[in-house]
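The values are calculated or read from the model by the stated rules, or taken from the named source; none is laboratory data. Computed from a predicted structure; not experimentally measured. Cβ sites come from the backbone with ideal geometry, for glycine too, and all protein chains shown count toward neighbours.
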Amino acid sequence: MIAKDISELELKQKIGKMLIFGFNSLDIKKDDKIYKYISKYNLGGIILFDKFYYDRDKAKNIQNPSQLKKLTSQLQKISKNRLLISIDQEGGKIARLKVKDGFNSTISAKNLVNLGKQKAKQSYSLLSKELQELGINCNFAPLVDLALNKDNKVIYKLDRSYGDNADEVAKFAEIFMNQLKKHKVISCLKHFPGHGSALGDTHEGFVDISDSWSEMELEPYKKLLSKIKMIMTAHVFNKNLDDKYPATLSYKTNTNILRESIGYDGVILSDDLQMKAIESHYTKQEAIKLSINSGVDMLMYCNQLSNDDVLDIINLTYFLVKNGEISINRIEEANKRIDKLLGEI
């Protein structure tokens, strides 16, 4: 139930801080919805994309360096708090900042391993410096999934993994994390508890890793524990960890394993809740309730695969808190972690 000393708006602002949203414009005007959501409801963060998912020829948020710098400056000025301005800039094929749009070229994780640690440091220094100069303060990287399934089209075949050796993966991920931190950019490890053994794509539907996942996929998180500020969940299902829910919605995975067994106390971020692995099997209300109660602190709606309105998600979450289905303590706990994270930038 809601505490008597907190107003409806205050609670909705706390819920707003727990959300990262995508939006569809190259600049911001005062009458834009995203302006209102940042200023009134303390939206925690936004995620930037270069193109629309279903129209790859159309620019979404990123056109060129000068436009992007202006956009991030506009966004930050609207927010009363520090706004997380996030992006997927891993390097190689997963790069929202592309050379053809005037940004620096990047190297994939797989290729950097072949080039060595010194080259990785140089490459990640350049990447991190560019993010800082552009006003981007959160990068959904490094990816620490192990390259275990050679048929995996979303990890292995895109050269996103540092390899199948957890020690090597952790070493290269640490190089990336150190450079991001040096340039005041938050790093976010992904995808917990491991997506590297999967065959399917959680963008498209249910993905079961019960027979392929192994405990060594947790090793990079254990090795880097003291440095991690943010972890993104995977929507993969593993009956050996939780026979009912995929990782994003799983208390057994996010609280019992990540928080209690591994000892992590930073921010847990959901992968995009609009992916079919979640949206095709759970209502929005179920996904919100299960993910927050599982230990997830921030919910992400990229607005690439479908469209959600910030206020709708805030109201749904508010209703769940009001009805006692999500505790106010869980909201407060998430906000404390987010505030601590924001203190890093």
Q) In the list Asp271, Asp312, Asp308, which residue meets the criterion of being within 21 Å of Ile186 (Cβ to Cβ), modelled with pLDDT of 95 or more and among the acidic types (Asp, Glu)? A) Asp271
(Q) What are the pairs with Cβ atoms under 7 angstrom where one residue, in the stretch 322-345, is free of Cβ contacts under 8 Å to residues at least 60 places away in the same chain and surrounded by 17 or more Cβ atoms within 10 Å (Cβ to Cβ) and the other, located anywhere, is assigned to a helix (DSSP H, G or I) and among the basic types (Lys, Arg)? Sequence gap at least six, or different chains. (A) Ile326/Lys289
**Q.** Only one of Asp208, Asp201 that is more than 26 Å from Ile47 (Cα to Cα) and of a type outside the set (A, V, I, L, M, F, W, C)
**A.** Asp208
Q: Taking Lys244 as the residue in question, decide whether it is surrounded by fewer than 21 Cβ atoms within 10 Å (Cβ to Cβ), of a type in the set (Lys, Arg), out of contact with any Cys (no Cβ under 7 Å at 6 or more places or on another chain) and at pLDDT 95 or above.
A: yes
Q.
So, in the stretch 210-240, exactly how many residues are β-branched (Val, Ile, Thr) and in contact with an Asp or Glu (Cβ under 9 Å, 6 or more places away or on another chain)?
A. 2
(Q) Tell me the residue from Gly205, Gly196 that is touching a helix residue (DSSP H, G or I) at 6+ places or on another chain (Cβ under 6 Å), closer than 28 Å to Tyr54 by Cβ and not polar (S, T, N, Q), please. (A) Gly205
Q) Which pairs have Cβ atoms under 7 Å, sit 6 or more apart or on different chains, and link a residue in the stretch 150-171 that is at negative phi and touching a residue at least 60 places away in the same chain (Cβ under 8 Å) to one that is in a loop (DSSP other than H, G, I, E, B) and surrounded by fewer than 17 Cβ atoms within 10 Å (Cβ to Cβ)? A) Leu158/Lys93
**Q.** Residues that are surrounded by 20 or more Cβ atoms within 10 Å (Cβ to Cβ) and either in contact with a strand residue (DSSP E or B) (Cβ under 8 Å, 6 or more places away or on another chain) or closer than 20 Å to Thr283 by Cα (or both), drawn from the stretch 247-257
**A.** Ala247, Thr248, Leu249, Ser250, Thr253, Asn254
Q.
So, in the stretch 78-95, how many residues would count as being buried (at least 21 other Cβ atoms within 10 Å of the Cβ) and out of contact with any Ser or Thr (no Cβ under 6 Å at 6 or more places or on another chain)?
A. 6
Q: Give the number of residues within the stretch 153-194 that are surrounded by 23 or more Cβ atoms within 10 Å (Cβ to Cβ) and in a loop (DSSP other than H, G, I, E, B).
A: 8
Q | Residue that is farthest from Glu10 (Cα to Cα) [pool: residues in the stretch 312-340 that are among the hydrophobic types (A, V, I, L, M, F, W, C) and in contact with a Phe, Trp or Tyr (Cβ under 9 Å, 6 or more places away or on another chain)] | A | Ile313
Q) Mind checking which residues of the stretch 213-263 are in a loop (DSSP other than H, G, I, E, B), more than 19 Å from Leu199 (Cβ to Cβ) and basic (Lys, Arg)? A) Lys229, Lys244
